Structure formats: C-alpha cells, structure tokens
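**Student:** The structure follows.
The values are calculated or read from the model by the stated rules, or taken from the named source; none is laboratory data. Just so it is clear, the model here is predicted, and its values are computed rather than measured. Cβ atoms come from the backbone with ideal geometry, glycine included; neighbour counts cover every protein chain shown.
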Amino acid sequence: MQPTQHTTLLIIGGGPGGYVAAIRAGQLGIATVLIEGQALGGTCLNVGCIPSKALIHVAEQFHTTQGYSNNSSPLGIKTQAPTLDIGQSVQWKNGIVDRLTSGVGALLKKNGVKVIHGWAKILDGKAVEVDGQRIECEHLLLATGSKSVDLPILPIGGAIISSTEALSPTSIPRRLTVVGAGYIGLELGIAYRKLGAEVTVVEARDRILPTYDKDLTLPVAESLKALGITLYLEHSVEGFQASSKTLSMRNALGESQTLETDQVLVAVGRRPHTRGFNLETLALAMNGPAIRVDNRCQTSMRNVWAIGDLTGEPMLAHRAMAQGEMVAEIIAGKQREFCPTAIAAVCFTDPEIVVVGKSPAEAEAAGLDYISASFPFSANGRAMTLESKSGFVRVVARRDNHLILGWQAVGAGVSELSTAFGQSLEMGACLEDIAGTIHAHPTLGEAVQEAALRALGHALHL
Ligand SMILES: Cc1cc2nc3c(=O)[nH]c(=O)nc-3n(C[C@H](O)[C@H](O)[C@H](O)COP(=O)(O)OP(=O)(O)OC[C@H]3O[C@@H](n4cnc5c(N)ncnc54)[C@H](O)[C@@H]3O)c2cc1C
C-alpha cells in the first residue's frame, strides 16, 4: 500500500456531474481529487449526448444529399447519389469527442484538480482506494452515473448491441431492429434509417416516447412513417436467434411473431450505476434504484454527496452539471440548494421535441387553473424556409395572473428554443412579458411570441 493521501473533496466519476463539480471546487480553492475509471467526460462526452448528436448530424447530411440526388427535394439542387464512408464519419465524431474530453482535462488541470485514472473502491464515508492507494477526504462526492439496462434475453455481444456500439459503427447493417422507443432508441433508429438501414422499432408500450404527451409525439410518429421505419407497438421481444438472424416477439394478445434482422439495438433505458465499487458499505438511503439525496444533494450520510444519473431521473447531463456546481459551492460554504423551476428535456429526433416545465396534463394534475395555447410552425415563415412543415410551440400559464408554467415544442431545430423557455420560467415571466418582447424576424422564436399572444387571445399571424 502506498502512503495515504488526504484531500478536502474526493469525487468518484468524471462525467458532466463530477468534472463540473471538480472545476468549480478548484475555482473556489478547495483541494480536490477526481477519480475516473474510463475517460473524462463520462457517458455524455464519450458515448452519449455528443457522439449521438454527431452521428445524427452525419445522418441528416447524408439523407439531405440523397434527397438532392433522387429529385425528392424541391430546392432545385441536383447531385449525384452520395456515398458514405462510415469509418471517416466515426473518425470525425471521435475527433469531436477527443477535443472535448482533452478540454475537460485541461480545465481540471488549470483549476488545480488532481485527476487519478483508475477504478475507485469505497472504504468508508471518508476513504477510498484506487490502485492500491488510500485517499482520505472530508467530503466524498459520488458521481458514478448510469448504465444501460440489460435485457437478459438479449445479452449484448455480436449482433446485439447497446447505444455505445451503435455510436461507433464499422458498417451500417442492412436491417436494424431497435428495441425500445424512448429517446435514445428513436434518435439512433432515425439516424440509422437516414444512413441507409431498414429500421424496425419494437416497443412494449402502446406508443412511442411514452413520457411525452401525445400531441408532441404525433409529428415524430408521422416522420417515422414517412422515413419508412416500421413500428411494432405493444410487442415484447422474447429472444434473438443469431444463426438465423431471427428476433422473436409477442403482441398484446399473446401471439408470437418473428422478424429477420442483422442487428438488434437494445435501448430500454438506463439505471443508476451503484454496483461494483463497494457503495453498499455506506448503507445509504435509496430512492428505488437511485441514491436518495436532499435538496442540497446530500445523501443520508453526513458529508457524502451524490449527483447526476446516480440520483435518478431526470437523467440528463445539464442536471448533473448544475448539481455538481452547486455541491462544490456548498462545500465552499455558500448557501445553495437545488430547486430549479424547470429542467428542459430534449429529444433530438426528427422532428425534435423540447419540454420545459408543466404540460397541460401536469398543470391539471397539480390542480391548477391554467390556460394553454399553441402556435403551429405551418404559419411561421422561418420554419417554411427550413422546409419544416410540422410541429408547434405550446405555452401553459396560470389563468389568474398569467404566470408561465411550461413550454412544449415539436419541430425542426426546436432544441435551441429550450434556452428561451428555461429563462422565461426561471425569471417568472408572464404571458404579457413574452408577448411584449420583440422577437427577431424571421425566426422560429416568433412562434414562441405568437403562442403567448394566442394564449392572451390575440395571435397576429393565425
Ligand atoms: C446515447 C445517449 C445519448 C444521450 N443524450 C443525451 C442528451 O442529448 N442530453 C442529455 O442531457 N443527456 C443525454 N444522455 C444522458 C447523459 O449522458 C447523462 O445524463 C450524463 O452523462 C450523466 O452524467 P453523470 O456525471 O451523472 O454520469 P456519467 O456521465 O455516466 O459519468 C459517470 C462516470 O463515472 C465513472 N465511474 C463510475 N464508477 C466509477 C468508479 N468506481 N471509479 C471511477 N470512475 C467511475 C464512469 O466511468 C463515468 O465516466 C444520453 C445518454 C446516452 C447513453
């Protein structure tokens, strides 16, 4: 055993939660050690948010160019049929990942954080072991993230892949079946379809993106159809026979069915990563599969903190980052708590979906007297110039004082509206504030203003 090291803050996990906590702690002069077993940046930078958006961009460009080559685009652009060098696409994606992860390394160094590459094992609430080295700390921050949920009937290997393998393809399969119609399955399924695969999606529930309301998911369902993606709802997968490339499944009536497919992508969700590093030894209070934390991200043990996916839903990178920043500030003695008015969630499907705050159903369930209005992109000039015909922006506000409770949108490029939506909620904006703000023309944002105007009863362009 090497001599024991001491630090004020010890962070396990260098994903967006852990590395942001470390940077902020370093800025605040807290002696910080961060232990990461794989690569800095965690799921998000290496096998999640960033690589998936890179692959979606490649797919979009390829698909658009294909439209130019087969005369299905109305723009008057003509090209030869494009070819795809997927090896080069993956290399480009890896270049972005490398740039970002080495940037994180540089920021940690600049802020005086000591990074140890290795797998941490918890010894107790104030001590961790990594590669035979004992490190003692005053504060232990757990940021070990999440793992894909495995289906025992579809063990990852060979033709059965998880999102991690799907993000680094060596070739595009002729036929891909995606198990799970959540956001990860659909983002990747749509990308693979645009890259040329015949894609089938199998979902046990009765609709796609079950956590989003139907009005929002309908344009995505229509787009799946238009892209030629086959969808089996209320079907449960029962197994995959590699020799015959046959996936077997059963419908809600119990009837069995088979599908021939070259690859199966399992995307049935993620669970907090709580196993394999001696977490049990702390006997922390749990919240289902996640670690229970209070509104300061403190666990049931004093000076043991937990952030990010490890603490459960919503498992989103920006939530993990915000929690990480807050915990560092609390340890530095600042008065902070985690009480966002809303956390935006985005599906980078085609079209994109963004939700921030309460939907009409959630406002109803909360017993609020609310008004809701939407404005369609079919009446928005900028959407037309982007060839985007489907989708809308919807606002939900209190009836009495017009305080905005939530925003939802579906359409091309709406992910970028999440900023305006989040700001209006955090700043306590009312419908009149948004309706009275001059929105630049021509932008998709005008639909935001028009939705607010419509809720007030006087939309201008409808
Ligand atoms: C395909 C895909 C697409 C996604 N797209 C989006 C998106 O568009 N937007 C979004 O907000 N979120 C997205 N997510 C989710 C997002 O990646 C996570 O919410 C985010 O990464 C969580 O951050 P975290 O810091 O909690 O954990 P992670 O990013 O999972 O990081 C945890 C880190 O801890 C390390 N670790 C674990 N145990 C130990 C140990 N014992 N010792 C040392 N190190 C350890 C791991 O190696 C890992 O690097 C996506 C996820 C996937 C899989």
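**Student:** Can you find a residue in the stretch 210-227 that is in a strand (DSSP E or B) and acidic (D, E)?
**Tutor:** no
**Student:** Has the stretch 77-98 got at least one residue that is within 15 Å of the ligand (Cβ to nearest atom), under 28 Å from the mean Cα position of the chain (by Cα), part of a loop (DSSP other than H, G, I, E, B) and under 30 Å from S415 (Cβ atoms)?
**Tutor:** There is no residue in the stretch 77-98 that is within 15 Å of the ligand (Cβ to nearest atom), under 28 Å from the mean Cα position of the chain (by Cα), part of a loop (DSSP other than H, G, I, E, B) and under 30 Å from S415 (Cβ atoms).
**Student:** Right, here's the next one. So, in the stretch 419-452, how many residues would count as being over 28 Å from the mean Cα position of the chain (by Cα), under 25 Å from C339 (Cα atoms) and surrounded by 22 or more Cβ atoms within 10 Å (Cβ to Cβ)?
**Tutor:** 1
**Student:** Taking into account only those residues within the stretch 323-335 that are more than 9 Å from P16 (Cα to Cα) and among the small types (G, A, S), which is surrounded by the most Cβ atoms within 10 Å (Cβ to Cβ)?
**Tutor:** So the residue we want is A328.
**Student:** Can you give me the number of residues within the stretch 253-270 that are among the small types (G, A, S) and under 29 Å from the mean Cα position of the chain (by Cα)?
**Tutor:** 2
**Student:** Determine, yes or no, whether K358 is of a type in the set (K, R), touching a Leu at 6+ places or on another chain (Cβ under 9 Å) and crowded, with 23+ Cβ neighbours inside 10 Å.
**Tutor:** Yes, satisfied.
**Student:** Residues of the stretch 235-267 being surrounded by fewer than 19 Cβ atoms within 10 Å (Cβ to Cβ), touching a Gly at 6+ places or on another chain (Cβ under 9 Å) and either of a type in the set (A, V, I, L, M, F, W, C) or at pLDDT below 95 (or both), which ones?
**Tutor:** A242
**Student:** Just give me the residues in the stretch 1-56 being buried (at least 24 other Cβ atoms within 10 Å of the Cβ), farther than 21 Å from K126 by Cα and among the polar types (S, T, N, Q), in sequence order.
**Tutor:** T43
**Student:** Of all residues in the stretch 369-412, which are over 16 Å from E432 (Cβ atoms), in contact (Cβ under 8 Å) with a residue 24 or more places away in the chain and surrounded by fewer than 17 Cβ atoms within 10 Å (Cβ to Cβ)?
**Tutor:** Passing the criteria: D369, A379, G381, T385, L386, E387.
**Student:** Restricted to the stretch 370-416, and to residues that are aliphatic (A, V, I, L, M) and out of contact with any helix residue (DSSP H, G or I) (no Cβ under 6 Å at 6 or more places or on another chain), which residue is nearest to L456 (Cα to Cα)?
**Tutor:** Per the stated criteria, the residue is L403.
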